[in-house]
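Encoded as structure tokens, the structure appears first; notes follow it.
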Amino acid sequence: DVKVTQSSRYLVKRTGEKVFLECVQDMDHENMFWYRQDPGLGLRLIYFSYDVKMKEKGDIPEGYSVSREKKERFSLILESASTNQTSMYLCASSPLLGTETSYEQYFGPGTRLTVT
Amino acid sequence: AQSVTQLDSQVPVFEEAPVELRCNYSSSVSVYLFWYVQYPNQGLQLLLKYLSGSTLVESINGFEAEFNKSQTSFHLRKPSVHISDTAEYFCAVTYNFNKFYFGSGTKLNVKP
């Protein structure tokens with residue numbers, strides 16, 4: 001089974017702190033994604049990466065950065081946390097095109113971040 | 001630009017009743033369609049997907065969805081729901097598998 005793990009289920013940080021959210025997948029997937037989930041807005045893509053050291057902005061990258069130094073790990077960084085970044089953060093991974101199963105994203109359990 | 005619309009934010013239904021969760025998308029190119037389910041305090045899990053071929057796709061737990069190209073819809077149905085189906089359901093589309101576009105979600109609340 002594909003497993004995507006996230007470093008914390010719940011996190012509370014203060015405004016202005018630097019925050020790291022870690023995501024690890026164990027299936028050797030090339031693609032990894034960071035979303036935020038807010039009530040009534042569904043999932044919105046922050047960043048995605050299709051290879052080590054490669055990244056592309058999603059729909060709402062402002063205030064965030066990412067790092068992918070190893071294939072299995074994709075980190076989301078909030079340089080200076082703000083209250084409007086309080087949200088549920090979901091990490092996902094998927095393999096490259098080529099097989100039918102490659103069209104599926106596998107999600108981690110999520111990190112609920114509260115910025116006070 | 002692509003977008004996904006889930007018209008109902010909440011759907012209350014009694015156990016053993018039928019249910020339909022609506023999903024419409026807008027796209028000028030061919031798309032691939034998905035339904036994901038999120039149980040309380042969990043991540044999203046794939047429920048079913050349409051890639052090509054038969055427009056009716058089924059899941060292992062009795063859900064089905066039909067791709068209707070002319071109406072740009074991919075509605076999710078189940079003829080008889082269970083309490084355990086209570087969850088939030090997300091419709092998603094992609095055309096290049098790098099970016100997935102998700103709807104705002106529909107909370108299905110199955111009552112005894």
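What the table shows:
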quantity: Those trypsin sites (Lys or Arg not before Pro) in region A:38-116 that DSSP places in a loop and that have at most 10 other beta carbons within 10 Å; calculated: A:Lys53
quantity: Fully extended contour minus Cα-Cα distance, from B:His82 to B:Gln42, at 0.36 nm per residue; calculated: 12.5 nm
quantity: Share of carbon and sulfur in the accessible heavy-atom surface of region B:3-111 [1.4 Å probe, %]; calculated: 47 percent
quantity: Gain in span if fully extended, A:Thr116 to A:Arg44, counting 0.36 nm per residue against the direct Cα distance; calculated: 23.7 nm
quantity: Loop sites in region B:44-112: trypsin sites (Lys or Arg not before Pro), DSSP, at most 12 other Cβ within 10 Å; calculated: B:Lys69
quantity: Distance between modelled label sites at B:Ala17 and A:Ser67, nm, 7 Å Cα→Cβ extension; calculated: 5.2 nm
quantity: Cut-off 13 Å between beta-carbons: net charge of the residues surrounding B:His82, Lys and Arg +1, Asp and Glu -1; calculated: -1
quantity: Out-of-range pairs (alpha-carbon distance over 30 Å; input A:Lys3/A:Lys53; A:Lys57/B:Lys78; A:Lys55/B:Lys107; A:Lys71/B:Lys99; A:Lys71/B:Lys69); calculated: A:Lys57/B:Lys78; A:Lys55/B:Lys107; A:Lys71/B:Lys69
quantity: Separation of the B:Ile60 and A:Asn84 label points, Cα + 7 Å toward Cβ, nm; calculated: 4.3 nm
quantity: Net charge over other residues, Cβ less than 10 angstrom from the Cβ of A:Ile46 (K, R count +1; D, E count -1); calculated: +1
quantity: Percent of alpha-carbon pairs separated by more than 22 Å within the protein assembly as shown; calculated: 52 percent
quantity: Segment B:Lys107-B:Gln71, length gained on full extension (0.36 nm per residue, minus Cα span); calculated: 10.6 nm
quantity: Charge sum, other residues only, whose C-beta stays under 12 Å from B:Val57's C-beta, Lys/Arg counted +1 and Asp/Glu -1; calculated: -1
quantity: Chain A - percent relative contact order, Cα under 8 Å, separation 6 or more; calculated: 36 percent
quantity: Cut-off under 5 Å, modelled amide H: who pairs with B:Gly105 long-range; calculated: B:Gln6, B:Cys91
quantity: Where only alpha carbons of region A:15-94 are counted, the Rg and the Dmax (Å); calculated: 12.1, 35
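The values are calculated or read from the model by the stated rules, or taken from the named source; none is laboratory data. Just so it is clear, the structure is predicted and the values come from calculations on it, not from any experiment. Reconstructed Cβ throughout: ideal geometry from the backbone, glycine too, with neighbour counts over all protein chains shown. We work out accessible area using only protein heavy atoms, side chains counted, and drop any ligands, DNA or RNA first. Shrake-Rupley method; radii C 1.70, N 1.55, O 1.52, S 1.80 Å.
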